[in-house]
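Asks: Here you go, one structure.
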Amino acid sequence: MSVMETAIGWLAPALCVGCGSEGATICPSCILGISSFGERCWRCNRLSPGCRTCDSCRHTGSPSKVFVFTDYDGMARQLLTSYKFGHQRSASKPIAATMVQTIRRYQKPAKDYLIVPIPTATSRRRQRGFGHTELLAKHIAWQLMLERRESLRRLGHNRQLGASREQRLHQLQDSFIVRRQSLVKGRKILLVDDVVTTGGTIISAAQVLRQAGAASVDALLFAKRL
Ligand SMILES: [Zn+2]
Ligand SMILES: [Zn+2]
């Protein structure tokens with residue numbers, strides 16, 4: 001935390017985004033008030049045991065299972081906004097805690113995973129002074145006692161001459177490369193990201209991790225944008 005952020009924290013104690021009570025970005029009873037996304041396919045919302053990506057959505061190259069805490073709405077949205085844009089770095093803890101509860105509910109036991117965060121864009125990291133997904137991944141790995149590695153690196157949106165239509169579409173999405181492939185080879189990966197919108201990001205990340213030899217790729221997300 002920067003000196004300035006610490007100073008702001010002293011001057012203005014965190015207020016709950018739900019009820020306005022002092023002390024934390026969200027209070028325990030407001031967290032309980034956020035409705036969970038449930039045991040569904042993350043893309044089409046159909047009920048799906050174990051949060052598996054359903055057969056009709058699997059062709060996209062999606063992670064096999066995607067665990068989502070809630071919809072990106074109401075308090076969840078306010079909480080994430082204050083975390084990412086309001087210098088409320090401490091909000092990382094309740095956000096990570098809800099994600100830990102989510103995977104514990106649907107995946108028992110949640111072990112053997114290698115936790116890999118979707119990397120925060122460099123410009124964002126510079127603005128905030130920290131990588132918001134990396135920090136969530138750190139808390140999650142610590143609480144679940146799992147190994148964590150920042151194995152993905154973002155690539156720029158570089159266009160290639162002569163690329164096929166499919167390649168061009170792929171380049172429009174986020175693209176990544178895997179650092180030190182030998183360390184993901186044969187591993188069960190659990191991607192960590194804050195919010196999923198079109199799904200392009202986690203699909204793209206899952207594809208490069210599989211190409212690098214990962215045994216399987218699942219994902220854990222805080223929220224799904226409607
Ligand atoms: Zn509250
Ligand atoms: Zn589906």
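The values are calculated or read from the model by the stated rules, or taken from the named source; none is laboratory data. Predicted, not measured: the structure shown is a model, and the values here were computed from it. Cβ coordinates were reconstructed from backbone atoms using ideal geometry, including for glycine residues, and neighbour counts include every protein chain displayed. What goes into the accessible areas is simple: the full protein's heavy atoms, side chains included, and nothing from ligands, DNA or RNA. Shrake-Rupley method; radii C 1.70, N 1.55, O 1.52, S 1.80 Å.
Asks: Collect the residues in region 21-38 that are open to solvent by 40 Å² or more (accessible area, probe 1.4 Å), free of Cβ contacts under 8 Å to residues at least 60 places away in the same chain and either of a type outside the set (A, V, I, L, M, F, W, C) or in contact with a strand residue (DSSP E or B) (Cβ under 8 Å, 6 or more places away or on another chain) (or both), keeping them in residue-number order.
Replies: The answer is Ser21, Glu22, Gly23, Pro28, Ser29, Gly33, Ser35.
Asks: Just the residues that are assigned to a loop (DSSP other than H, G, I, E, B) and surrounded by fewer than 14 Cβ atoms within 10 Å (Cβ to Cβ), please, taken from region 46-59.
Replies: Arg46, His59
Asks: Would you call Cys41 under 19 Å from the mean Cα position of the chain (by Cα) and either away from ligand 1 (no atom under 16 Å from the Cβ) or open to solvent by less than 80 Å² (accessible area, probe 1.4 Å) (or both)?
Replies: It is true that Cys41 is under 19 Å from the mean Cα position of the chain (by Cα) and either away from ligand 1 (no atom under 16 Å from the Cβ) or open to solvent by less than 80 Å² (accessible area, probe 1.4 Å) (or both).
Asks: Just to verify a result, which residue in region 62-85, among those that are among the small types (Gly, Ala, Ser) and surrounded by 15 or more Cβ atoms within 10 Å (Cβ to Cβ), is nearest to Leu15 (Cα to Cα)?
Replies: Only one residue tops the list, namely Ser82.
Asks: Under the condition of being over 16 Å from Tyr83 (Cβ atoms) and under 10 Å from the mean Cα position of the chain (by Cα), which residue from region 109-134 is modelled with the lowest pLDDT?
Replies: If we take residues in region 109-134 being over 16 Å from Tyr83 (Cβ atoms) and under 10 Å from the mean Cα position of the chain (by Cα), then Pro119 is modelled with the lowest pLDDT.
Asks: Let me ask something additional. Based on what the data block shows, is Thr98 assigned to a loop (DSSP other than H, G, I, E, B) and either more than 16 Å from ligand 1 (Cβ to nearest atom) or open to solvent by less than 70 Å² (accessible area, probe 1.4 Å) (or both)?
Replies: Against the criterion (assigned to a loop (DSSP other than H, G, I, E, B) and either more than 16 Å from ligand 1 (Cβ to nearest atom) or open to solvent by less than 70 Å² (accessible area, probe 1.4 Å) (or both)), Thr98 does not qualify.
Asks: Against the conditions (1) part of a helix (DSSP H, G or I); (2) among the hydrophobic types (A, V, I, L, M, F, W, C); (3) modelled with pLDDT of 95 or more, where does Ile8 fall short? Just the number, please.
Replies: It is condition (3) that Ile8 fails.
Asks: Can you tell me how many residues within region 176-208 are assigned to a strand (DSSP E or B) and closer than 12 Å to Pro117 by Cβ?
Replies: 7
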